[in-house]
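Laboratory data are not the source of any read-out in this text; all were calculated from the coordinates shown. Not measured: the values here are computed from a predicted model. Neighbour counts are summed over all protein chains in view; Cβ atoms, including those assigned to glycine, are modelled from backbone coordinates with ideal geometry.
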Amino acid sequence: MKALLGGLAVLALAAGSASAQETKVAVGISGWTGFAPLTLAKEAGIFKKNGLDVTIKKVPQASRHLAIQSGDIQCAATTVETWIVWNANGVPTKQIFQLDKSFGADGMVVRNDVGSIKDIKGKQVAASAPGTSPYFVLSWMLKKNGLSVKDVTVVNMEPGPAAQAFIAGQNDAAMTYEPYLSSVRAAPQSGKIIATTLDYPAVMDTFGCTPKFLTDNPKAAKALADSYFEALDMIAKDQAKAYEIMGADVKQTGEAFGKSAQFLRWQDREANKKFFAGEFKTFSAEAADLLLETGIIKQKPDMEALADTSFIQ
C-alpha cells in the first residue's frame, strides 16, 4: 500500500511539475475568421502540447489596447496598422508573426442605388471607432477615391452590429468583415458589396505581444508562433474537423465557416518570412502616413521596432 501511495505521490508531483511548466498567456481576439486558427490551437490541444496555458478573450478591437495596457491580456491579434496606432499612443507592443491576409473578407456595403464609392459623399456610414481596422479601411477606400472621412458621417458600430443594422435598413453604408459580410451577401435586397480587400488590399493581420512578455518568455513566444503554424497544418490535413471546431466558436457550421474562410488566406511560416522581409515595411509606411493624415496618431512610432521576426525562424 505504501509503495502504491508513494507511486501516486510521484505521479502527482510529476503532473504538478508539468502543469507548472505551462506558461500562462491571455490573448485578445475578435470573432474575425482570420483569427480562428488561434481558437483551433487551443481547442485541439496544440497550445497545451507546446507548453502553453492560453486563455483566449474576445475583446473588441477598439478596446484591445486597453486590455493590454491593464495587463488583462499579454498578446493580441489585430491588423498591421493597428499596432502602429497602439505604439504611437503609448501602448508598446511587437508583432511576432502574421496570421492572415484578407482576400475579399473585409468590405464596404452600400444601398443598391449607390453606383460608386464617390457616391457615398455626405452619407451615413457605420464603422468601428477611429483606430480600428474597419475605420482604417474606410479611410483607405475613401482616400483612393479622392475623399476623406470628413466627407461622410461615421456612425460607430462594431462589424457584427453594423451588418445587422444595415440589413435592417439603417445607415447608407457600412464597413464589416467575415463572417458578417456574408450575411449581406445573403440579403441582396438590403444592399450590395461595392468594394472589398480584393479591390483595396489593406487588411493584413498579425499576432503580437508586449515587449515585457517577449523578454520574459521567449520560449513561450516561439511556442505561440509554432502552435499557429501547427494549427494551419491541421487545417490542411483534416479540413472538415478543423472548420467545425473553428466555426463553432462563432456559431457557424463547418460548411458556413468554410465559405467565410474562402475570402482570406492564412499565412504559413514561409509566407511569414516573405511578408516581413518586404510588404510589411512598405504597407506600414503608407499606413502610418494615412493615420497621421486622418489624425489617428500625432506622430509616427519607431517603425523599426514594430516587429520581432526571430520567432518565425
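Amide H contacts under 5 Å for residue 156: 127, restricted to partners 5 or more places along the chain or on a different chain, H placed in the peptide plane at 1.01 Å from N. At q = 0.07, 0.12 Å⁻¹, what base-10 log of I(q)/I(0) does the Debye formula yield for the chain when every alpha carbon is treated as an equal point scatterer in vacuo? Listed by q, the Debye log ratios stand at -0.29, -0.79. With the charge dipole of the chain set up from +1 on Lys and Arg Cβ and -1 on Asp and Glu Cβ about the Cα centre, the Cα lying farthest toward the positive end among the listed residues 257, 112, 201 is that of 257.
The amide H of residue 97, built 1.01 Å from its N in the peptide plane, has 207 as neighbours under 5 Å, considering only residues 5 or more places off or on other chains. As a proxy for reagent exposure, ranking 196, 282, 132 by other Cβ atoms within 10 Å from fewest up yields 282, 196, 132.
If you take the beta carbon distance between residue 303 and residue 123 as r and set R0 to 35 Å, what does 1/(1 + (r/R0)^6) give as a FRET efficiency, to the nearest 0.05? In this case the efficiency is close to 0.50. With the simple spin-label model, which puts each label point 7 Å out from Cα in the Cβ direction, the residue 43 to residue 170 separation comes to 2.9 nm.
Using C-alpha pairs under 8 Å with a sequence gap of at least 6, the mean separation divided by the residue count of segment 61-206 gives a relative contact order of 36 percent. Here the Karplus relation 6.51 cos²θ - 1.76 cosθ + 1.60, evaluated at θ = phi - 60°, turns the backbone of segment 229-234 into coupling constants of 5, 5, 5, 5, 4, 5 Hz, with x for every Gly and Pro.
Couplings 3J(HN,Hα) for segment 192-203, derived from phi with the Karplus relation 6.51 cos²θ - 1.76 cosθ + 1.60 (θ = phi - 60°), are 9, 8, 8, 7, 9, 6, 6, 7, 10, x, 10, 10 Hz, where x marks Gly and Pro. Just checking the listed ones, 183, 133, 227: in the Gaussian network model of the chain with Cα springs under 10 Å, the one fluctuating most is 183. Under a Gaussian network description of the chain, with springs only between Cα atoms under 10 Å, the residue in 21, 252, 74 that fluctuates furthest is 21.
Given the C-alpha centroids of segment 57-123 and segment 135-176, what is the distance between them in whole angstrom? When both Cα centres are located, 14 Å separates them. For residue 81, neighbours were defined as the other residues whose beta-carbon sits under 12 Å from its Cβ, and their charges (Lys and Arg +1, Asp and Glu -1) total -2.
Ranking 88, 155, 102 by how far each Cα lies toward the positive end of the dipole of segment 73-215 (charges on Cβ) leaves 88 at the top.
When the Gaussian network model of the chain links Cα atoms closer than 10 Å, the mean-square fluctuations of 262, 189, 170 top out at 189. A Cβ-based charge dipole, computed about the Cα centre of segment 106-196 with Lys and Arg at +1 and Asp and Glu at -1, lands at about 260 debye.
On C-alpha positions alone, give me the angle between the axis of helix 239-249 and the longest principal axis of the chain, in degrees, nearest 10. The answer is roughly 80 degrees.
What list do you get for 232, 264 if you sort them by fewest beta carbons within 10 Å? Please report the intermediate quantities before stating the final value.
Values: 232 20, 264 24.
Ordered by Cβ neighbours within 10 Å, fewest first: 232, 264.
Where in segment 102-151 are there trypsin sites (Lys or Arg not before Pro) that are in a DSSP coil and have at most 16 other Cβ atoms within 10 angstrom of their Cβ? Within segment 102-151, the qualifying trypsin sites (Lys or Arg not before Pro) (loop, at most 16 other Cβ atoms within 10 Å) are 121, 123.
Hey, with R₀ at 45 Å, roughly what FRET efficiency would residue 156 and residue 237 work out to, going by the Cβ-Cβ distance, to 0.05? Before the final figure, lay out each step's value.
On the way: r = 41 Å, r/R0 = 0.91.
Using R0 = 45 Å, I get an efficiency of 0.65.
Placing unit charges on each Cβ (+1 for Lys and Arg, -1 for Asp and Glu) gives the chain a dipole about its Cα centre, and among 278, 140, 248 the Cα reaching farthest toward its positive end belongs to 248.
So what is the relative contact order of the chain, in percent, for Cα pairs below 8 Å that sit 6 or more residues apart? Intermediate results must be reported in sequence, preceding the final value.
Values: 545 pairs, mean separation 83.2, N = 313.
Once divided by the residue count of the chain, the mean separation gives 27 percent.
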